[in-house]
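Student: Take a look at the following structure, please.
Each reported figure results from applying straightforward, stated rules to the coordinates on display, with no laboratory input. Here the structure is a predicted model, which means the values were calculated and not measured. Cβ: placed from backbone, ideal geometry, glycine included. Neighbour counts: every protein chain shown.
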Amino acid sequence: TGLSFESLVIQPIQRVPRYQLLLKDLLAKTAEDHRDYGEVQSAYRKIEETAATINEDVRQEEKIRHFTEIINNVANLPLDDPNRQLLSEGEIVNIDRQGKKQLLLLFNDVISIANRGGFLSKKKYETEISVELELVWIQQIESSEVTNPLEGDVTYCRITTPYFSCLFGAVESAGKKVMQMTSEGVISCLKEKGRDPGPTRRGVQLFDKKAFREKYEGEFMFGKREGFGHFWYSNGAVYAGEWNDGKEEGLG
């Protein structure tokens, strides 16, 4: 026939949609009181299930292929959790850092921001920071509020965490999509954990020190320590008490 082995193997799968259309048309033209109606209906349902299974397998294979491509192109991704799934990614512009282009990656429980790799880098991007979704605040910003707006149709938002607060803009559709999905993902993640998606959140903030890793565990509001919380200092001291605008309030 002149066809390759791969072409011959794929032919039965390519015929499934044709069988589905054929049986759908046959079912529509078969009277419900006809003796063959039940068998035609059963055959149509089975071919529908088969088509759905094939489509889902194809989607999963594409997701795995795409994720593998991301892993090969982005260094230091947070891959320590086997249940972590990549939902979306896209390039955004960090307005607060002189228009620096960065890659925003949305997982089901964290976001990661990556920078373009340097001249000697083995990968296209290098992850700068990853933050749990429950400690991410996203505020939509109107272009009229931006001091130095980008050209074109741009979507703006401010992403705030205990580690940074930056204004970002997205020009390309992938960047706009990942920013929108991140906003929805934060709310979804908090609701799944039974937490209020309002401005006040509970979480943990870590600080790397040479002798001791400082740690804050308590309440935050828009990325700042606010409310009650514990802070373990590098000198061994511990403060447990109220916080206001990121600072200790009282003796604890």
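Student: Under the Karplus relation 6.51 cos²θ - 1.76 cosθ + 1.60, θ = phi - 60°, what is the ordered set of whole-Hz ³J(HN,Hα) values for segment 123-136, x standing for Gly and Pro?
Tutor: 10, 5, 10, 10, 5, 8, 7, 10, 9, 4, 4, 5, 10, 10
Student: Under 10 Å, Cα contacts only: if you run a Gaussian network model on the chain, which one of G90, G198, G99 comes out with the highest mean-square fluctuation?
Tutor: G198
Student: For segment 1-57, state the semi-axes of the equivalent ellipsoid (square roots of 5 times the eigenvalues of the alpha-carbon gyration tensor), sorted largest first and rounded to whole angstrom.
Tutor: On the way: eigenvalues 163, 33, 11 Å².
The equivalent ellipsoid of segment 1-57 has semi-axes of 29, 13, 7 Å.
Student: If contacts are Cα pairs under 8 angstrom and at least 6 residues apart, what is the relative contact order of segment 90-192 in percent?
Tutor: Values: 181 pairs, mean separation 29.6, N = 103.
Relative contact order, segment 90-192: 29 percent.
Student: Taking square-rooted eigenvalues a ≥ b ≥ c of the alpha carbon gyration tensor, is segment 2-101 rounded, prolate or oblate, where a/c under 1.5 means rounded and, failing that, a/b exceeding b/c means prolate? Mind showing how you got there, number by number?
Tutor: Working: a/c = 3.29, a/b = 2.45, b/c = 1.34.
Prolate.
Student: Against the globular-protein guess of 2.2 N^0.38 Å, express the Cα radius of gyration of the chain as a ratio, rounded to two decimals. Spell out each step's value before the answer.
Tutor: Numbers: Rg = 25.8 Å, N = 252, 2.2 N^0.38 = 18.0 Å.
Dividing the Cα Rg of the chain by 2.2 N^0.38 Å gives 1.44.
Student: Sticking with this structure for a sec: Taking Cα atoms, how many degrees apart are the long axis of helix 173-192 and the longest axis of the chain, rounded to 10 and kept between 0 and 90?
Tutor: Helix 173-192 sits roughly 80 degrees off the main axis of the chain.
Student: Let me ask something else. Kindly provide log₁₀ I(q)/I(0) values, in the same order as q = 0.24 Å⁻¹, from the Debye equation applied to equal alpha-carbon scatterers of segment 90-192.
Tutor: Scattering profile of segment 90-192, log10 relative to I(0): -1.37.
Student: Separate question: Could you count how many Lys pairs in segment 90-192 have their Cα atoms under 22 Å apart, skipping same-chain pairs fewer than 8 positions apart?
Tutor: Qualifying lysine pairs in segment 90-192: 13.
Student: Related question: Hey, what did the chain get for relative contact order, percent, Cα under 8 Å, at least 6 apart?
Tutor: It comes to 11 percent, rounded to a whole number.
Student: I've got another one for you. Give, in nm to one decimal, the length gained when the segment between K193 and D96 is fully stretched (0.36 nm per residue of separation minus the Cα-Cα distance).
Tutor: Numbers: separation 97, 0.36 × 97 = 34.92 nm, distance 3.20 nm.
Contour length minus Cα-Cα distance gives 31.7 nm.
Student: Over segment 5-71, what is the mean sequence separation of C-alpha contacts under 8 Å (at least six apart), divided by residue count, expressed as relative contact order in percent? Intermediate results must be reported in sequence, preceding the final value.
Tutor: Details: 21 pairs, mean separation 20.8, N = 67.
It comes to 31 percent, rounded to a whole number.
Student: Which whole-Hz couplings ³J(HN,Hα) result when phi for each residue of segment 66-80 is put into the Karplus expression 6.51 cos²θ - 1.76 cosθ + 1.60, θ = phi - 60°, listed in order with x for Gly and Pro?
Tutor: Listing the rounded values in order: 5, 5, 4, 5, 5, 4, 6, 10, 10, 7, 6, 6, x, 10, 7 Hz.
Student: Say each of Q140 and L3 gets a label point 7 Å from the Cα, pointing the same way as Cα to Cβ; how far apart are those two points in nm?
Tutor: 5.0
Student: Right, another one. Does segment 87-149 classify as rounded, prolate or oblate by the C-alpha gyration tensor (a ≥ b ≥ c root eigenvalues; a/c under 1.5 gives rounded; else a/b over b/c gives prolate, otherwise oblate)?
Tutor: Details: a/c = 2.51, a/b = 1.19, b/c = 2.10.
Oblate, because a/c is 1.5 or more while a/b does not exceed b/c.
Student: May I pose another question? Take the alpha carbon gyration tensor of segment 200-249, find the square roots of its eigenvalues, order them as a ≥ b ≥ c, and report rounded if a/c is under 1.5; if not, report prolate when a/b exceeds b/c, else oblate.
Tutor: It comes out prolate by the Cα gyration axes.
Student: Return the lysines within reach of K29: Cα separation strictly under 26 angstrom, same-chain partners fewer than 8 residues apart disregarded; answer none if there are no such residues.
Tutor: Reachable lysines: K46.
Student: Enumerate the calculated ³J(HN,Hα) couplings along segment 13-21 in order (Karplus 6.51 cos²θ - 1.76 cosθ + 1.60, θ = phi - 60°), each rounded to whole Hz, writing x wherever the residue is Gly or Pro.
Tutor: 5, 5, 7, 4, x, 5, 4, 5, 5
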